[in-house]
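The values are calculated or read from the model by the stated rules, or taken from the named source; none is laboratory data. Please read these numbers as outputs of a predicted model, since none were measured by experiment. Cβ atoms come from the backbone with ideal geometry, glycine included; neighbour counts cover every protein chain shown.
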Amino acid sequence: MLSDQLLTQLLEKFGDKTQKLELKPVQAAVLVQAQSLIELVAYIKEDENYAIDYLSSVSAVDYLEDGMEMVYHFSSTSKHHGLTIKVKLDRAKPEIPTIIEHFPAANWFEREAWELYGINIVGHPELKTLLLSENWDKGWPMRRDWDDEDFVRFPEF
Amino acid sequence: MEDNPNNPTAGDLRTEEFQVNMGPQHPSTHGVCRLLLTMDGEVIRKAEPYIGYLHRGIEKICENRVYNQITPFMDRFEYVSSMMCDWVYALCAERIGEIEVSPRAEYLRVIFAELQRIASHLIFVGTFAMDLGAFTPFLYGLREREMIIDMFEETCGQRLTYNYIRIGGVSKDINPDFVAKCRKFTKYLREALEDYETILNENPIFLSRTKKIAVLPADLAIAYGASGPVLRASGVNWDLRKDDSYGYYDKFDFKVPVGQNGDTWDRYYMRIVEMREATRIIDQALDGLPEGDPTLKIKPSFKLPEGEHYTRIESSRGEMGCYIVSKGEKKPYRLKLRGSSFNHLMVLPEIVDGLLIADLVAMFASLDVIMPEIDR
């Protein structure tokens, strides 16, 4: 986990574009605007104090009326700390720039978010189906409001 | 090319790249994976993996199940090391819910996870050697693995999908004779590993097909999120058991092997050394195994408090992650699984240029990719 000092420095440097997130259990987490995402990941990768070089995973989360989120879990193999970065997206038109240039590991994770959640990854070189079949035409199955006649929800108990 | 009067068609001769499908049903892809290869004669120029043949929508299913119903699905997430999947999920839920686990359960988790690591690596060594044309190590590997599976079966009743490590503890305590059996096994395995090394390590065919083949540089490995033995073979000392410690791993003394060249040989050898280290961890854990009740004391259906966490553990293949978003309900709001094979297959197109198909088979086997973990 990123030390408080480094986290505060990061928040000061980016000012209005970022916001500290209070997560439970306690984690170092930053909310950033979609247009500043590239700038932020480039900075934490290049700056020696952060030296964040490892992208563990990218997850999309659908909060229905509260919009969508992209969650990036980063860590540093040399400094042994981690950072979570979140981006809030408009559910009607979810769009986010790709971070492949700085973290190539994002490639398939972003493709997955595109095909399962319908999030448009701006600038991604090969947006095509990854897990679903090529002729899938039933929308974005991981969205919370997705429904299909064959989809059986488990009964409450 | 000039026209040759003796061979009128020579002027029309030309070379061009062509495409070959490898898979989806191919014995060396260890599951259902299709590689679209662009070939220049016998040399590979490009490879494009096509995945998703085993997509079962585990993440979607889990959003519709209560927490205790999810553990069996985790077994099927990566069925060659099911214990690890159970553990990462249980650990993530325990961190969100701040659930205490008894010391005996923590020790048992370490013992079973390390046994599972050995079982998985034995499968790796067997199939890796078989892909290179040596059949004997495969029989050896399955023979030793059988002993581990028997111990698992005696404890939890299952041979592949254990459902053993659960939120709050483990499902059953061990049998009275387990400790003696386990000690006998670790001693036996250390001797058996010498057989493996005698068969493979000095075999000139094995060496020439693995040394300096498909080198994965350290910077590329990190950039693509490779982990586990694949990353360590490239010379990066990164083991989550030490670098992001979980469970009781900080109580044990063990070494993390680190390779130098990042070639196919190093990726193989890392696993042999890891098996030896795993037997050491098991011995220490058996020595220190505390008394008490390791089974769980939670209701079949319960609510986790609001929160979210990305938990990762060092599975046999690398970093296995589980990201749970809880909204204070009986079911997770979002559950994301991260398997190390996903990243290992992602990096494959970067290192295939110039390989022969036979080398690709060796390299693919050395990444130890398992498809259900990728397709989920």
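Scanning segment A:57-78 for residues that are β-branched (Val, Ile, Thr) and in a strand (DSSP E or B), which turns out surrounded by the most Cβ atoms within 10 Å (Cβ to Cβ)?
Taking segment A:57-78 and keeping what is β-branched (Val, Ile, Thr), we get A:58, A:61, A:71, A:77.
Remaining after also requiring in a strand (DSSP E or B): A:58, A:61, A:71.
Values: A:58: 25, A:61: 22, A:71: 20.
Taking the candidates together, the pick is A:58.
Residue A:149 - would you say it is over 21 Å from the mean Cα position of the chain (by Cα), within 13 Å of chain B (Cβ to nearest Cβ) and at pLDDT below 85?
On the way: over 21 Å from the mean Cα position of the chain (by Cα): yes; within 13 Å of chain B (Cβ to nearest Cβ): no; at pLDDT below 85: yes.
No; evaluated as a whole, the condition is false for this residue.
Where residues in segment B:214-230 are among the small types (Gly, Ala, Ser) and in contact (Cβ under 8 Å) with a residue 60 or more places away in the chain, which of them is nearest to the other protein chains (Cβ to nearest Cβ)?
As a first pass, look at segment B:214-230 and keep what is among the small types (Gly, Ala, Ser): B:214, B:218, B:221, B:223, B:225-228.
Narrowing the set further to residues that are in contact (Cβ under 8 Å) with a residue 60 or more places away in the chain leaves B:214, B:221, B:225-228.
Values: B:214: 18, B:221: 10, B:225: 3, B:226: 9, B:227: 8, B:228: 13 Å.
Among them, the one singled out is B:225.
If you go through segment A:111-127 one residue at a time, do you hit one that is under 27 Å from residue B:331 (Cα atoms), under 14 Å from the mean Cα position of the chain (by Cα) and among the β-branched types (Val, Ile, Thr)? Steps first, answer last, please.
In the first step, residues of segment A:111-127 are kept if they are under 27 Å from residue B:331 (Cα atoms); the result is A:111-119.
Right, trim to under 14 Å from the mean Cα position of the chain (by Cα) and you get A:111-114, A:116-119.
From what's left, among the β-branched types (Val, Ile, Thr): A:119.
Looking for residues that are under 27 Å from residue B:331 (Cα atoms), under 14 Å from the mean Cα position of the chain (by Cα) and among the β-branched types (Val, Ile, Thr), one finds at least one in segment A:111-127, hence yes.
Checking residue A:50 against (1) touching a residue at least 40 places away in the same chain (Cβ under 8 Å); (2) facing chain B (nearest Cβ under 10 Å); (3) touching a helix residue (DSSP H, G or I) at 6+ places or on another chain (Cβ under 7 Å): exactly one of these is not met. Which one?
All conditions are met except number (2).
Just to verify a result, which residue in segment B:238-293, among those that are of a type in the set (S, T, N, Q) and farther than 23 Å from residue B:88 by Cβ, is surrounded by the most Cβ atoms within 10 Å (Cβ to Cβ)? Quick ask: steps written out before the conclusion?
Our first condition is that a residue be of a type in the set (S, T, N, Q); within segment B:238-293, this holds for B:245, B:260-261, B:264, B:279, B:284.
With farther than 23 Å from residue B:88 by Cβ added as a condition, the list becomes B:260-261, B:264.
Working: B:260: 9, B:261: 17, B:264: 26.
Restricting to residues being of a type in the set (S, T, N, Q) and farther than 23 Å from residue B:88 by Cβ, the top hit is B:264.
Counting only residues that are over 18 Å from the mean Cα position of the chain (by Cα) and farther than 27 Å from residue B:140 by Cβ, give me the helices (runs of 4 or more DSSP H) lying completely in segment B:173-246 with at least 1 of them. Working first, answer last.
Details: elements: B:178-200, B:204-210, B:218-223, B:228-233, B:240-243.
Filter on segment B:173-246 gives B:218-223, B:240-243.
Please go through segment B:100-127 and pick out each residue that is touching a strand residue (DSSP E or B) at 6+ places or on another chain (Cβ under 9 Å) and not charged (D, E, K, R).
Scanning segment B:100-127 gives B:101, B:102, B:105, B:108, B:112, B:113.
Within segment B:293-318, how many residues are touching an Asp or Glu at 6+ places or on another chain (Cβ under 9 Å) and more than 14 Å from every other protein chain (Cβ to nearest Cβ)?
The total comes to 5.
Which of the residues that make up segment A:21-46 are without any contact (Cβ under 8 Å) to a residue 60 or more places away in the chain and within 24 Å of residue B:327 (Cβ to Cβ)? First the steps, then the outcome.
The initial filter retains those residues of segment A:21-46 that are without any contact (Cβ under 8 Å) to a residue 60 or more places away in the chain, namely A:22, A:24-33, A:36, A:39-40, A:43-46.
Passing the criteria: A:22, A:24, A:25, A:26, A:27, A:28, A:29, A:30, A:31, A:32.
Looking at (1) away from chain A (no Cβ under 11 Å); (2) surrounded by fewer than 23 Cβ atoms within 10 Å (Cβ to Cβ); (3) closer than 21 Å to residue A:126 by Cβ; (4) of a type in the set (A, V, I, L, M, F, W, C), which is the one condition that is false for residue B:357?
For residue B:357, the failing item is (3).
So, of the residues in segment B:8-67 that are closer than 30 Å to residue B:334 by Cβ and among the hydroxyl-bearing types (Ser, Thr, Tyr), which turns out to be surrounded by the most Cβ atoms within 10 Å (Cβ to Cβ)?
The selected residue is B:67.
Does residue A:113 meet the test of being more than 13 Å from chain B (Cβ to nearest Cβ), closer than 19 Å to residue A:127 by Cβ and surrounded by 14 or more Cβ atoms within 10 Å (Cβ to Cβ)?
Numbers: more than 13 Å from chain B (Cβ to nearest Cβ): no; closer than 19 Å to residue A:127 by Cβ: yes; surrounded by 14 or more Cβ atoms within 10 Å (Cβ to Cβ): yes.
Here the answer is no, as residue A:113 does not meet what is asked.
Residue-by-condition table, conditions (1) more than 14 Å from chain A (Cβ to nearest Cβ); (2) touching a helix residue (DSSP H, G or I) at 6+ places or on another chain (Cβ under 8 Å):
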{"residue": "B:71", "(1), (2)": "yes, yes"}
{"residue": "B:84", "(1), (2)": "yes, yes"}
{"residue": "B:89", "(1), (2)": "yes, yes"}
{"residue": "B:98", "(1), (2)": "no, no"}
{"residue": "B:107", "(1), (2)": "yes, yes"}
{"residue": "B:166", "(1), (2)": "yes, yes"}
{"residue": "B:180", "(1), (2)": "yes, no"}
